[in-house]
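Please read the structure below before turning to the comments.
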Amino acid sequence: MANVSVAAEWQLLYNRYYRKPELYPMRWKHIDLSRNKVACAPFGGPIAVIRDDSKIVQLYAESALRKLRIFNSAGVQISETVWKHPGGRLIGMAWTDDQTLACLVQDGTIFRYNIHAELVEPSISMGKECFEQNVVDSVFWANGVVCLTESQRIFCVADFKNPKPHELAEPGLEDSAPLCMAVIEPQYVMSGNVEVLLGVTEGGLVVVEEDSVQRVETVGGEVLGPLQKLAVSGDGKWLAAFTHDGQLLVMPTDFSEIKFACNCESALPPEQLAWCGMDSVVLYWDDMLLMVGPIGEPVRYLYDEPVILIPECDGVRILSNSSMEFLQRVPDSTVSIFKIGSTSPAALLYDALDHFDRRSAKADENLRLIRSSLPEAVETCIDAAGHEFDVSRQRTLLRAASYGQAFCSHFQRDRIQEMCKTLRVLNAVRSSEVGIPLSIKQYKLLTPSVLIARLINAHQHLLALRISEYLGLNQEVVIMHWSCSKITASLAIPDATLLEILLDKLRLCKGISYAAVAAHADKNGRRKLAAMLVEHEPRSSKQVPLLLSIGEEDTALAKATESGDTDLVYLVLFHIWQKRPALEFFGTIQAKPLARDLFITYSRCYKHEFLKDFFLSTGQLNEVAFLLWKESWELSKNPMASKGSPLHGPRIKLIEKSQGLFSETKEHNFESKAAEEHAKLLRIQHELEVSTKQAIFVDSSISDTIRTCIVLGNHRAAMKVRTEFKVSEKRWYWLKVFALATIRDWDALEKFSKEKRPPIGFRPFVEACIDADEKGEALKYIPKLADPRERAESYARIGMAKEAADAASQAKDGELLGRLKLTLSQNTSASSLFDTLRSSFQGVS
Amino acid sequence: MAQIPNLDNAPINLTSLREQSQKELLSILKNIRGKKCMVVDQKLSGSLSLIIQTSLLKEHMVELRHLSAEPIETDSTKVVYLVRSQLSLMKFICSHIHNDISKGLQREYYVYFVPRRSVACEKIFEEEKVHQLMTIGEYSLYMIPLDEDVISFELDLAYKECQVDGDTSSLWYIAKAIHKLEFSFGLIPNVRAKGKASVRVADILNRMQAEEPVNSSDIVVPEINTLIILDREVDMVTPMCSQLTYEGLLDEFLRVNHGSMELDASIMGVQQEGKKMRVPLNSSDKLFKEIRDLNFEVVVQVLRQKATSMKQDYTEMTTTTQSVSELKDFVKKLNSLPEMTRHINLAQHLSTFTSKPSFLGRLDMEHTIVEAQSYDICFEYIEEMIHKQEPLVNILRLLILFSVTNSGLPKKHFDYLRRELLHSYGFEHMATLNNLEKAGLFKRQETKGNWLTIKRALQLVVEDTDTANPNDIAYVFSGYAPLSIRLVQSAIRSGWRPIEEILKLLPGPHSESKRSGFATSPSYDSLNGAPADKLSDGRRSLVLVVFIGGVTFAEISALRFLSAQEGMAYDLIVATTKIVSGHTLTETFVENMG
């Protein structure tokens, strides 16, 4: 049966099955791993290969130049470049988390390459000491490296994104070089700093940290001999160590005990030592792979070609010249289905499908047998399908699950759908062209978005786009990266064509930043393309600054104005202001009302003189005149300009200057006259202050000046001001009456009323007296009021209700009568009511 | 007496809006460790008082100062400026820092702009070479809830800046504020705008939606159904008339600021010479909520009634024996006593103003101007006011009313009045006149006015208004129905179309648009007469009315009156650049050159 053949490929280590399916036959040619230094990235990442310069190798028909070649996991070459860096031998080479290849050479320089074998600038230096002392060994981890120098000192870069090399504590090894080196990644160390483990000739370990060195000589009471090889597990909790006498020891990284020891029948240290998931340790010697578990006989695999072990979170990949294999513990679900003689519900379900396909009635029998545990069986089949690399087996398992699902009522139907989705993605990236052989567990750990990032990094944009579309992820990242790559790669395509190509894709994604793409185009020297792209950016706040940076000031100004965001307009304004000569600047903004108005607002507050230039150059003389006029007040505010000082001269001059400017244009006749009068007024006031020796005139109005004169009893001066400014009779009467009332000169008031018949009647006299609360005086004038209604109201105001009523009835105005009644009643009874109300509550509150 | 109003009854969750602002401020303060001196722009301190208690600020080791030209006296080494992005304020900050430097004081300066950073302000810092010395941030306070149904953007100068200076920054802020509301309450599907600024705000709002869409999946049904935006420019008549509602009159005579008034304690019956006290005015005060929107005449009656009934209860209480439950009822009533006393005091104080003949004469004149039948009487009245040198703003208010209803004055009169004004109040007011002319509020007549047509078509003057049992919004001005609210009334009822001809007579364009981002409910077409006014869950749908350039209390009262009408299925919420009265609005144009 089919089931048997599946399990036949498995190996048993104690009670656990292991399998080693081939992921790919390697598509490369003439690559001999033993001649090369090789760096393989975890999570099915790329493989970097370069001729090993520490070995003497025979050159066949090839150039003597060393080439760095990068392949995907299936051996398809992605890129290559010639290696011609100075700095001595290549000591270590590894892929970082973001799939940058870091190559450390003897002098402590780290050259970095992206997956396209392009050098990433700048290169990192491990520091002066490394440069002087030579690096002899290094260990990389996800995003950092430690290296050991000839004089046994250790330097570390903890994060390539922030490459600041620093030295760890001196291990104190004197002259003997350590036998082996391993690190515990910072994320697994309490202190958050990397911990370096060194195996030393005296035996035991030296643990080096940032500022401390610790020796581990015994573990769990047993003395450690010299250790030849070390490997830390993927979770940083366990250490596998190979001793000088051929034993493999496994211990926790707090060195509290030895978990198990295993004799490997070889005193020669293995070339490679790696963890296979968390369950077993794999050792590699020349032609043999030995897998050791905590209990039971180790499993042996023989190889007649060199291999490289690539640890993964759930197994270890084995790369040889001809193939890529994946050694993993067989997942429990798979075991329960395919184990020889298994009678688990899942196995029976799988079997039932087989019968069903062959139209055998036994299918039904099987189903009956497992009825109660059908949901688990379905679940198991789905899970097992996920762990398969073989597509046809995935399909069979999923069909079995779907067959079983038809018979259970309570099952989450989307489980199968979900798994199909996941598998489609996995199968797509596993294809040898893409060459990312992720297991389902690795995929979950890596997360889809990182996978997509890696795909676009490898320029697999279409696949990345499809996957993100399929998984409902945001496609913006993909399209953005594609657009930028496209621009970089398309130097030969004319702007307009390239724009169309780009827009075609950018439109797919709403809210994508055209400005960012445009900025990239600009960086690539395609300013025109950038200008065309930025046109499509809907966010003005991003568009405008970019337009400025590519020198499109006028467009920027138009866009900023359109957006209604005055802050953006200011941004453009200051930019142009700085860049262009004043006259050209004036010309630009004069045609743009919003920019012009904002400029004026800003300048009014801060650049007065410059504003004057602007108005002059644009022929707005009246505005200049206003500015001058305003300045004349600034002068008066000056504390140095005490009243009556000679500063009045310059003030008046400024006003006269502004008057001259106003008179240039016909429309400002009124302003011109006003300025003229103002200057005249100041002169008169100045004279008055001199003659009266009182500094109370300057900066009061004409009317106030007249009133002041009258109050001072200087009627001649008042008369003079009146004629000088042609004050009307009406105003004159009001002013004089009020002024006389102010000094309570009732006789003069009466005399004034009799001078001649007042041109506006006696109302001013009545009002002035009432306001001054002089009822008696008021009564002199009330009867003289011509209008009976006015009379009535005046009587009412001084509380003479009867006279008011009489006058009102004389006016035959009912409405007036009513209103008077109301006012009178509101004055008295309304308020008295409030008073009584309030007093009655005072006792309560 | 909490000055921060209770917003639990608001038709949308304004409390969360306020809490957000509070949180943002506190996080700014938390991030500046230790003792600090916060220097607040005067205009902002009122806003802050509606967001956060001073005690809470003290807890964060903040000492408060007001921003002025005077240098800061404090022991704190950290100075935090909280300022609006007004160019004129930057000079103060620069001079403070220069002053500290010259004295050798080393301080850390933080400048937080409200509501956002501004290139122009920072430019001044650069020019003054203090840019490097400060940390600049922003406090995105775009609006504050003043009451359950009123939001203010606190842009005092918006109207003047737009009309006179051509500085339209405030329009962007307004759009931003509305857009922020949309993020909380959903994209508003119907937008109607009248006036240049309003149409522009609607346009900017659409831009913002395109740039930074409100995620429609988060909010299934938009809480606000319609947005009506109006320019103050469209109706400058209403604010220039004296408001006759209780709250409006309080503002006219005693100035309401950020939901409270500062008064002499003696007015409130507290016998302490010269002491000022703050009186909160918001819906948390039940009695005030009941009477704020009534015509003042009626308020007096209502208060009288309430007082009488209380007095009666009190006499019964002292003369006859009462059961315990009756006692309880009485005590409950007593709880409202402080509010009763407060408003009786206020009303009494108000009536000293309203009974003045000058006030009555003024009302008369306003009415005559609005009627627009007797030009000469109005002209002479204003002329005489100038001759009597009455307070300038009072005159300008009437002048604006006069000029607007006549589409300006004939050149001869225009020049004559201007000259008389300059002669009476000084030539420095040339700038004020210039501002008013630029804004079109006091100008030369060029075309014949159409006020009479508008007045008739919109029935702005309503005869026989019963202020006690009003059936029309005209009660708020005792016979004049505010033009702005007539427009809102129409916009709510049936959109702009039926009054399109009249809209054309008013300044500025108008627009009406539907926005979607919602595939969900096509039936949200409710405003076009369809009876689907209620939301599915029985809530009333909501209309947001935005006034650019300010709104008066009387207009808000009129809106509340509208929404309380039978057959009116909408709740209204008002947002404004600022609560104004004719006085405060006119003041923004007064510029003293000296």
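Where a number appears in this text, it was derived from the coordinates with a stated rule and is not lab data. On a predicted model such as this, the values are computed, not experimentally measured, just so you know. Please note: Cβ atoms are built from the backbone with ideal geometry, for glycine as well, and neighbour counts cover all protein chains shown.
Sorting check: for B:449-457, A:273-281, A:482-490, which peptide has the highest mean count of neighbouring beta carbons within 10 Å, and how do the rest follow?
Highest-to-lowest ranking by the protection proxy: A:273-281, A:482-490, B:449-457.
Report the relative contact order of chain B, percent, no decimals, based on alpha-carbon pairs under 8 angstrom and at least 6 residues apart.
This gives 18 percent for chain B.
P(r) for the protein assembly as shown: what percent of alpha-carbon pairs falls in each 10 Å bin, starting at zero?
Going out from 0 Å in 10 Å bins, the protein assembly as shown shows 1, 6, 11, 14, 14, 13, 10, 9, 8, 6, 4, 3, 1, 0, 0 percent.
Give the average, rounded to an integer, of partner chain Cβ atoms located within 10 angstrom of each Cβ in A:594-605.
4
Would you mind giving the mean number of other chain beta-carbons within 10 Å of the Cβ of each residue in B:371-384, as a whole number?
1
In which sequence would A:W629, A:W141 go, from the one with the fewest C-beta neighbours within 10 Å to the one with the most?
Ordered by Cβ neighbours within 10 Å, fewest first: A:W141, A:W629.
Please report the projected area of the range B:14-141's Cα convex hull averaged over all directions, in nm².
7.3
Under 18 Å Cα to Cα from B:K333, which aspartates and glutamates show up? Leave out anything in the same chain fewer than 8 places away.
B:D285, B:E290, B:D313, B:E316
Among A:K630/A:K736; B:K289/B:K578; B:K43/B:K78; A:K20/A:K259; B:K275/B:K306; A:K726/B:K160, which pairs are too far apart, with a Cα-Cα distance over 24 Å?
In this structure, A:K630/A:K736; A:K20/A:K259; B:K275/B:K306; A:K726/B:K160 exceed 24 Å between Cα atoms.
What order do you get for A:306-314, A:559-567, B:284-292 when each peptide is scored by the mean count of other beta carbon atoms within 10 Å, highest first?
A:559-567, A:306-314, B:284-292
For A:K229, what residues show an amide H to amide H distance below 5 Å, using hydrogens built from the backbone and excluding near sequence neighbours?
A:F242
How high is the FRET efficiency between B:M277 and B:Q565 when r is their beta carbon distance and R₀ equals 35 Å, given to the nearest 0.05?
0.40
Using the number of other C-beta atoms within 10 angstrom as an exposure proxy, rank A:R413, A:R329, B:R540 with the fewest first.
A:R413, B:R540, A:R329
So what's the net charge close to B:Y246: Lys and Arg +1, Asp and Glu -1, counting the other residues with Cβ under 13 Å from its Cβ?
-3
Using the Kyte-Doolittle scale, which helices in chain A average at least -1.0 and also have C-alpha atoms spread 30 Å or more along the helix axis, with helices defined as whole DSSP H runs?
Those that pass (Cα extent of 30 Å or more, hydropathy at least -1.0) are A:669-692.
Within 10 Å of each Cβ in peptide A:557-568, how many partner chain Cβ atoms are there on average? Round it to a whole number, please.
5
Gap in Å between the Cα centre of the range A:710-728 and the Cα centre of the range A:1-80?
A separation of 111 Å, based on Cα centres.
Most exposed first by the Cβ proxy, i.e. fewest other Cβ within 10 Å, how do A:D613, B:D251 rank?
By the 10 Å Cβ count, ascending, the order reads A:D613, B:D251.
Eigenvalues of the Cα gyration tensor times 5, then square-rooted: what semi-axes does that give for the range A:168-269, in whole angstrom, largest first?
Ellipsoid half-lengths, sorted descending, are 21, 16, 11 Å.
Name the residues whose placed amide hydrogens come within less than 5 Å of the amide hydrogen of A:M93, ignoring near sequence neighbours (fewer than 5 apart) on the same chain.
A:L104
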